[in-house]
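Quick notes on the structure that follows.
The values are calculated or read from the model by the stated rules, or taken from the named source; none is laboratory data. None of these values were measured; they are calculated from a predicted model. In this analysis, Cβ positions are derived from the backbone assuming ideal geometry, glycine residues included, and neighbour counts consider all displayed protein chains.
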Amino acid sequence: MKPLTPAEQPTGGAVDFPQADRPVPNIASRSRRSFLGKLGGAATMAMATGAITTLEPLIAGKSGYAEAQEVGPLTDQQRQAASFNLRVAQATIQDNLPLVSHPDNGDEELYADKGATFTKCLPHDNFGRVDLNAYASLINALSTGNPSDFDAIPLGGTRTLNNPQAGLAYDLEGTDGHNFTVAPPPVMSGSQLAAELVEMYWAALLRDLPFINYATNSGAIAAAAELNGLSGYAGPRNGSGQVTTNELFRGSVTGETVGPYVSQLMILPTALGAQAMNQRFATYARGVDYLTDFNSYVLIQNGGSTGDVNVLDPVARYLRDGRDLAAWTHVDVLYQAYFTALLVLSGIAAPLNPGNPYVGNPTQVGFGTFGAPDFAATVGEVAQRALQAVWFQKWFVHRRARPEVAGAIAHLIKTGQGSETDVTLSNDVLSSKAIGDIFREHGSYLLPQAFPEGSPTHPSYPTGHGMVGGACITVLKFFFDGTFVFPNPMVPNAAGTALTPYSGPALTLNGELAKLGHNVTFGHGIHAGIHYRSDSDASLALGEALAISILQDKAPTYNEPFSITITKFDGTTATITNES
């Protein structure tokens, strides 16, 4: 077949997200059996024109072709046509979905110096202002999609831009990544951004404080009190509407503020086959932060290197504080947390989702479908697709500057150099106790980073870790019963060297999955200093929507009739089914 022209490229359908009153379409509402037997002209023509390639047989008879010996409900020709009909029908459902819009927050157009926009790795001046010609080259490449235009973007150092072309990749399963949308991120000058930045300053100050000590620590108590008084704070509050140390740096999904800070799925020992996994990890030495002087900040914005490296703690530990979580996410392998969660759930015999067709089946057990290999493969499957979809949002829609940039702007303003940037910040952050404490500790108002290189070299909103988390968590809910209660929950001690029994309110699987998602994306974000709270929250929900679309697209490919319901992050439910 000849390549498609640009005008012929697929446009995709839409899931209008995150409007709660508009559910994700149930694209599995047509039974897989409705496709069987539709052996009409489309399939015949496709085969005749070579649209479906005939593979050479692996074992040939005397005539050069293997004799058909299989048994089954369809002949080979019928199966081929049914497969074609299924693919066309699913693609048609996607194509019939309405297109979404992609609003941004307006900051890129508002500030002539692009001070609120992601420009890392491009050349900058001594005040951290981007070279506008280099920035125009980046926008040109994003606009044309031409690989040679990306190759021509001028850089300011040795680091390179992280894979913007991933946002242009197509997918053949689920809703096209360009046909999801998220609300614009908070504007740089607003009260919500200020609250998020104050939260991150506090997280930097408390990076080495064990979570189990929050309730009695004066710094954690001060952090909760300051966030409690900020109008723009969008994190969780207790039943009385207050932010306490229990809600500090946690997510808002039901169950997340119950019990220990770290999810059971990140601490319970498990095994990968015969390989024991004790869930102790290498982390970083206490008290070492980076990019707290302006020259180092500018060097890093240009894509240079300070030569610093993270120093490893010689003792492997259970994850027990913000630095541990940051260290874990610095080197994790895409869907590692969620594959490990699958191993934990399998090891403790967590019950399957009640809609699994093999629950209570007297003659069969799931394996390649609705069994362990299916579970493991699907977690990885949605993770890769999630990355492509979120990279589109990052590079081609929002291009939100990283928190380290907001910290630099705060530093310029606080040191009387506010005229060197077009960006303004709310007094909520400029007059906060957190930023004053940061200055007393580090001698600048910059946001201390957990990593020598600061943030990765791609935009802030939404997060890759959160997007992958939302997608993988949705798959785990699809396979396991979200109401399951952990039988013997544990909590790391203050040193991270041992687990001790937890006693308190019950910990459900749905709650611990949501907690796991925020442990990972806040570990990489709030605790490391490289993502805002809103980056993480938007990405988890977006990953959930993507995974639901993939599961619905896959539903008619299963032979077993099923109807599986999951509880979403917002408390509503979604049903994936292949039954009419």
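Testing I212 on (1) assigned to a helix (DSSP H, G or I); (2) of a type outside the set (S, T, Y); (3) not assigned by TED's automatic domain parsing to the domain that holds P260, one condition comes back false. Which one is that?
For I212, the failing item is (3).
Being crowded, with 20+ Cβ neighbours inside 10 Å and either outside the structural domain of V485 (by TED's automatic domain parsing) or part of a loop (DSSP other than H, G, I, E, B) (or both) is the filter here; which residues of region 262-278 pass it?
Correct list: V262, S263, I267, L268.
What are the residues in region 286-315 that are in contact with a strand residue (DSSP E or B) (Cβ under 7 Å, 6 or more places away or on another chain) and of a type outside the set (S, T, N, Q), if any?
Restricting attention to region 286-315, the residues satisfying the condition of being in contact with a strand residue (DSSP E or B) (Cβ under 7 Å, 6 or more places away or on another chain) are 289-291, 298, 301-302, 308, 310-313.
Of everything in region 286-315, those that are in contact with a strand residue (DSSP E or B) (Cβ under 7 Å, 6 or more places away or on another chain) and of a type outside the set (S, T, N, Q) turn out to be D289, Y290, L291, V298, D308, V311, L312, D313.
Take D107 and tell me if it is under 24 Å from the mean Cα position of the chain (by Cα) and among the acidic types (D, E). Outline the logic, then answer.
Numbers: under 24 Å from the mean Cα position of the chain (by Cα): yes; among the acidic types (D, E): yes.
The answer is yes for D107.
If you take the residues in region 393-452 that are part of a helix (DSSP H, G or I) and of a type in the set (S, T, N, Q), which one is farthest from D176 (Cα to Cα)? So that I can check it myself, show each step before the final result.
At the first step, the residues of region 393-452 found to be part of a helix (DSSP H, G or I) are 393-398, 403-414, 418-420, 427-430, 433-442.
From what's left, of a type in the set (S, T, N, Q): 393, 419, 427.
Details: Q393: 12, S419: 43, N427: 41 Å.
For region 393-452, the residue satisfying everything is S419.
If I221 meets every condition in (1) under 27 Å from the mean Cα position of the chain (by Cα); (2) over 28 Å from S346 (Cβ atoms) apart from one, which number is that one?
(1)
Test T181 against the criterion of being crowded, with 19+ Cβ neighbours inside 10 Å, outside any helix (DSSP H, G or I), within 20 Å of the chain's Cα centre (by Cα) and touching a residue at least 60 places away in the same chain (Cβ under 8 Å), and give yes or no. Break it down into steps so the answer makes sense when it comes.
Values: crowded, with 19+ Cβ neighbours inside 10 Å: yes; outside any helix (DSSP H, G or I): yes; within 20 Å of the chain's Cα centre (by Cα): yes; touching a residue at least 60 places away in the same chain (Cβ under 8 Å): yes.
Answer is yes for this residue.
Got at least one residue in region 531-542 being in a loop (DSSP other than H, G, I, E, B) and closer than 19 Å to G251 by Cβ?
Checking region 531-542: at least one residue is in a loop (DSSP other than H, G, I, E, B) and closer than 19 Å to G251 by Cβ.
Just one of (1) assigned by TED's automatic domain parsing to the domain that holds H458; (2) touching a Leu at 6+ places or on another chain (Cβ under 6 Å) trips up E196, so point out which.
In the conditions (1) assigned by TED's automatic domain parsing to the domain that holds H458; (2) touching a Leu at 6+ places or on another chain (Cβ under 6 Å), E196 misses (2) alone.
Can you tell me how many residues in region 294-352 are of a type in the set (S, T, N, Q), in contact with a helix residue (DSSP H, G or I) (Cβ under 6 Å, 6 or more places away or on another chain) and buried (at least 17 other Cβ atoms within 10 Å of the Cβ)? Let's see the steps before the verdict.
Residues of region 294-352 of a type in the set (S, T, N, Q): 295-296, 301-302, 305-306, 310, 329, 336, 340, 346.
Within this subset, residues satisfying the condition of being in contact with a helix residue (DSSP H, G or I) (Cβ under 6 Å, 6 or more places away or on another chain) are 306, 329.
Still in the running and buried (at least 17 other Cβ atoms within 10 Å of the Cβ): 329.
Number of matching residues: 1.
Determine, yes or no, whether F375 is in contact (Cβ under 8 Å) with a residue 12 or more places away in the chain, aromatic (F, W, Y) and touching a helix residue (DSSP H, G or I) at 6+ places or on another chain (Cβ under 6 Å).
yes
Return the pair list, or none, for Cβ contacts closer than 9 Å from residues in region 557-580 that are assigned by TED's automatic domain parsing to the domain that holds F480 and at positive phi to residues that are β-branched (V, I, T) and in a loop (DSSP other than H, G, I, E, B), at least 6 apart or on different chains.
What qualifies is G571/V253; G571/T254.
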